[in-house]
Amino acid sequence: MLKAVSNDALETIDRLPLAFHFAWSDTKARYRRSLLGPMWLVLTTAIGVAGLGFLWSTLFKVDKAVFVPSLTVGIVVWQLISGCIIEGSTIFVRQANIIRNIKTPYIIFPIYLLIRQLINFTHNLVIVVLVLIIFPPASMGVQQLLLIPGLFLLVGNLFWVVTLIGLLSARFRDLEQFIVAIMPLLFSESGHLSPGATWH
């Protein structure tokens, strides 16, 4: 058993470049013949941040310089989380033909999904940078530096969550529809969208 797990881990590491290639190719294929290409991701996020940020800061009477950066970071991170979870529910079902016909470690498919979502996340970081230029934080300290290890922890947790959801959804197909239905509710209830949350 231990030897089989070790062999799968080594084979997965050996195929990581292939996962990167497929993730990047899939991202480009989604925007083929598009004028802006993957920058549509950035534009969509920018519209959402501008609309929600200025509307909610006015409704809640919160300083835009405080609220908009926090909202922007929250939305970008939430897109990473929700994208992984929603697509994770179909990761093994969509790759069924490859799984049946090609000897491939199952774990490579969640890794492929995470890489593709991280590519989208990297594009959306452009919006975070622009917002922080427009609304610069009052100070930068150790708390902000914790974002880096926090991101690694988030990706590590998303890996096992995506794997578990993918396996369960392959057996219980209704789980996919349940996840799609519940994710918008989780977004509206998530703590990072509360008016009291601040970047500063």
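Taken together, the values in this text are just the output of simple stated rules run on the coordinates, not laboratory data. Because the structure is predicted, anything quoted here is derived from the model rather than measured. Cβ sites come from the backbone with ideal geometry, for glycine too, and all protein chains shown count toward neighbours.
List of remarks:
- For the stretch 69-74, 3J(HN,Hα) per residue [Karplus equation, 6.51 cos²θ - 1.76 cosθ + 1.60, θ = phi - 60°, Hz, x = Gly/Pro]: x, 5, 5, 4, 4, x
- Unit Cα scatterers, Debye sum, the stretch 41-200: log10 I(q)/I(0) for q = 0.15, 0.18 Å⁻¹: -0.86, -1.12
- Rel. contact order, % - alpha carbon contacts under 8 angstrom, at least six apart, the stretch 37-193: 37
- Backbone HN-Hα couplings from phi across the stretch 40-57 [Karplus 6.51/-1.76/1.60, Hz, Gly and Pro as x]: 4, 4, 5, 5, 4, 5, 4, 5, x, 5, 5, x, 5, x, 6, 5, 5, 5
- Cα centre as origin, Lys/Arg/Asp/Glu Cβ charges: the stretch 37-193 dipole, Debye: 360
- Residues Ile13 and Phe187, FRET efficiency given R0 of 35 Å [Cβ-Cβ distance, rounded to 0.05]: 0.55
- Couplings for the stretch 152-161, taken from phi via the Karplus curve 6.51 cos²θ - 1.76 cosθ + 1.60 with θ = phi - 60°, read 5, 5, 4, 5, x, 5, 5, 4, 6, 5 Hz in order; Gly and Pro are left as x.
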